[in-house]
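Please read the structure below before turning to the comments.
Read-outs: derived from the displayed coordinates by stated rules, not from any lab. None of the values given here were measured: they were computed from a predicted structure. Every residue, glycine among them, receives a Cβ derived from its backbone with ideal geometry; neighbour counts consider all protein chains shown.
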Amino acid sequence: MKGSLWRRAFLVKLTHAPNARLLTGSISGRNLKILDVGCGTGCISLELSRMGHDVLGLDLNERMIEIATRTKKTKDSGSGKLQYEMADFDKWSGTAGAYDAVIFSRVLHDLPDPENALLKAHRLLKSRGRILCLEYAYNMMDKKTATWLYQIRKPLELQDWYSSPHLPDDPGKGVDLIMHEAVTGRKQHINTFEEMIRPLKRLFHQETFSWHPYHFWDVLSDMRIPNPRIEERLATMIKKLEEFLLGKGEIQPALFLYKGTKARRLPR
Ligand SMILES: C[S@@+](CC[C@H](N)C(=O)[O-])C[C@H]1O[C@@H](n2cnc3c(N)ncnc32)[C@H](O)[C@@H]1O
């Protein structure tokens, strides 16, 4: 928990909790069979099972499955079945037509072949089954967005309120570094928005699409203000600022929610 957003309850309220609500609020119906791909520590799977759905959470990281299994014990009685499995989704073969919904929350960007992963999800879904995808679009970062982030992060670093200070004092170089880190510097390859949205639209009928604030997650993850009251107020303000600037079209978004229904026939 120490280095993560789970270190403080108010940070979870600003980040993981609204993300989980975006997904749980997009699921209608009762007692559904849901597959949560890349479930991590299982917070979304757990909430869905508390709503009465039968959930299978998959993750390739043993530690994540361990934590998810431990938190499963906090599950309310009367809720749906909740199972976890350690597996690489790319190699995993589930039963075709078994699920009412398949969720990719912050994992599709990481899968080497998003089209193939979505084809597999299509196969796993029942007819009229739903795909829910909450994903990053970091490649949409532009200079204006990076400049805003520099203006937030650099003063925190100078105040010694940032766990990994490394932005140069020169704003031009700092902005370039933020852009580089967002677009190419995260990992060898993270899928672009286009690489994910194209197969989503090809394989599923779009029901809803929306953008959500997310850049603030990165700032809050590294922010370290000794006084929790000040940290909470600043964290809330940074999130609100991102929402405000996104609403005005002043900066680029980094997180999208796609909800779609399985297309009956796969397009050629
Ligand atoms: C950023 S976390 C997201 C966790 C959770 N879905 C959420 O939104 O809070 C991404 C998770 O996907 C898992 N993951 C990455 N590639 C995977 C794969 N090929 N198969 C299964 N899980 C994978 C990682 O181990 C990690 O726990």
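General observations
- Cα gyration tensor, region 170-268 - rounded (a/c under 1.5), prolate or oblate: prolate
- FRET efficiency, residue 144 to residue 209 (Cβ-Cβ, R0 25 Å, nearest 0.05): 0.65
- Neighbour counts of other Cβ atoms within 10 Å put 212, 53, 189 in the fewest-to-most order 189, 212, 53.
- Nitroxide proxy distance, nm - points 7 Å out along Cα→Cβ at residue 95 and residue 63: 3.4
- MRE, 222 nm, helices only [DSSP H, n ≥ 4, -39500 (n - 2.57), over the chain, to nearest 500]: -12500 deg cm²/dmol
- Whole-number D in µm² s⁻¹ for the chain, Kirkwood Cα-pair radius fed into Stokes-Einstein, 10 °C, 1.306 mPa s: 81
- For the residue pairs 173/201; 72/143; 120/173; 239/262; 154/248, the alpha carbons lie more than 31 Å apart in 173/201; 72/143; 120/173; 239/262.
- Comparing 161, 254, 182 along the charge dipole axis of the chain, the residue lying farthest to the positive side is 254, per the Cβ-charge model.
- For region 1-141: rounded, prolate or oblate by the Cα gyration tensor [a/c cutoff 1.5]: rounded
- Calculated over region 139-196, the projected area of the Cα convex hull averaged across directions stands at 4.3 nm².
- Mean-square fluctuations from a GNM of the chain, with a 10 angstrom spring cutoff on Cα atoms, peak among 215, 109, 180 at 180.
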